[in-house]
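Novice: Quick one: the structure is below, questions incoming.
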Amino acid sequence: MKEAIVEQAVKTYFTDQFPQFSTSQQCEVQFGTRHGIADVVLHQPIQDEKGYFVAIAECKRLPLPILRAQARSQLKSYMSATNTRYGVLAVGTDPRHWEFCENRYNNWFAEINREDFERGIENWEPVSAEPPAIGGQAKHSTSHWWKRIALFLGVLFIVSISSLLLLWPDPPEPIVYITRTGRKYHTYNCEFLREYNVENKFAIYLDEAEKNHDPCGICYSYRTTKSR
Ligand SMILES: [Zn+2]
């Protein structure tokens, strides 16, 4: 199958579907200093110099993914350069397998289905280079929508963190051990306590112990050097 057959299929589709417009093949597209050739173009019957294309079709005969991706970006660059609203990526001759896209506003492209493509062209209006009122509003409301979601997530995050902090149990008060006669307080694993096999050790809160006892030189220094 040659590419010309695909172009012919697009031309037939355009002519049958949109008789109010004209169809041309191999149209030169100027962008900046470069130019390219658009395979098939749907346009107003009488085109003045500022006339818009209604749709541009890029035709490929082979459904290779890399060709498809290349053709897709080429089509969009042609649509951008000519400010064309509708685009077709025709791979093969069956319109059911073609891709359709719309330049909604300001080169903001959307993939659309064939029904939307045909309905859109029935009510065709050119793309506005400036964001039009409807597009502007849509863009605006979209950003508001995102802002609301972001705000909601932010509040949710703060609420969950603060409730976590509120519900989080207080850290247990440190407990140390004193002996009946000693003037020092010790940690549970104090080597001094173990070595001298002190049996009568009493658990006591650290702040209580600090009132009448000094820290043990062995376990306390070990503990503080380790924790600091
Ligand atoms: Zn100790």
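The values are calculated or read from the model by the stated rules, or taken from the named source; none is laboratory data. Not measured: the values here are computed from a predicted model. Virtual Cβ from ideal backbone geometry, glycine too; neighbours counted across all protein chains shown. These area figures cover heavy atoms from the full protein model, side chains too; ligands, DNA and RNA do not enter into them. Shrake-Rupley method; radii C 1.70, N 1.55, O 1.52, S 1.80 Å.
Novice: In the neighborhood of Glu125, defined by Cβ-to-Cβ distances under 13 Å, what is the net charge if each Lys or Arg adds +1 and each Asp or Glu adds -1?
Specialist: +1
Novice: How much accessible surface area, in Å² rounded to 10, belongs to the heavy atoms of Val91 with a 1.4 Å probe?
Specialist: In the full protein context, Val91 sits at about 10 Å².
Novice: Can you put Leu156, Leu89 in order of accessible area, largest first, using a 1.4 Å probe?
Specialist: Final ranking, largest accessible area leading: Leu156, Leu89.
Novice: Angle between the Cα long axis of helix 217-227 and the longest principal axis of the chain, 0 to 90 degrees, nearest 10?
Specialist: Once rounded, the angle reads 10 degrees.
Novice: Right, another one. Got a number for carbon plus sulfur as a percent of the chain's accessible area, 1.4 Å probe?
Specialist: 56 percent
Novice: Tell me, what is the 1.4 Å probe accessible area of Lys211, in Å² to the nearest 10?
Specialist: Roll a 1.4 Å probe over it and Lys211 shows about 140 Å².
Novice: Still on this structure, I have one more. In deg cm²/dmol, rounded to 500, what helix-only [θ] at 222 nm does the chain give when every DSSP H run of at least 4 residues adds -39500 (n - 2.57) and the total is split over its residues?
Specialist: Only helices count here, giving -14000 deg cm²/dmol.
Novice: Once both axes come from the Cα atoms, what is the angle between helix 65-82 and the longest principal axis of the chain, in degrees from 0 to 90, rounded to 10?
Specialist: Value to nearest ten degrees: 70.
Novice: Starting from the 7 Å offset along Cα-to-Cβ, what nm value, one decimal, do you get for the label separation of Ser80 and Trp146?
Specialist: With each label placed 7 Å out from Cα toward Cβ, I get 1.8 nm.
Novice: How far is helix 3-17 tilted off the main Cα axis of the chain, in degrees rounded to 10, range 0 to 90?
Specialist: Rounded to the nearest ten degrees, it is 80.
Novice: Whenever you get a sec, line up Leu193, Leu206, Leu153 from highest to lowest accessible area (probe 1.4 Å, protein heavy atoms).
Specialist: Sorted by accessible area, descending: Leu153, Leu206, Leu193.
Novice: Provide the net charge surrounding Arg68, with neighbours chosen by a C-beta distance below 11 Å and charges set as Lys +1, Arg +1, Asp -1, Glu -1.
Specialist: Here the charged neighbours net out to 0.
Novice: Determine, from the Cβ-Cβ distance of Ala203 and Ser163 and an R0 of 45 Å, the FRET efficiency 1/(1 + (r/R0)^6), rounded to the nearest 0.05.
Specialist: For Ala203 and Ser163, the calculated efficiency is 0.85.
Novice: Work out which GluC sites (Glu not before Pro) in the chain are exposed loop sites (DSSP not H, G, I, E or B, at most 15 other Cβ within 10 Å) and give the longest gap free of them.
Specialist: 50-198
Novice: Mind grabbing the accessible area of His97 for me, 1.4 Å probe, Å², rounded to tens?
Specialist: 120 Å²
Novice: Order Arg114, Arg119 by their accessible area, 1.4 angstrom probe, all chains in place, largest first.
Specialist: Of Arg114, Arg119, the descending order of accessible area is Arg119, Arg114.
Novice: Using only alpha carbon pairs under 8 Å that are at least six residues apart, calculate the relative contact order of the chain and give it in whole percent.
Specialist: Reported as a whole number, the value is 11 percent.
Novice: Could you provide, to the nearest whole Å², the per residue accessible area of the range 156-196 with probe 1.4 Å?
Specialist: Averaged over the residues of the range 156-196, the accessible area is 87 Å².
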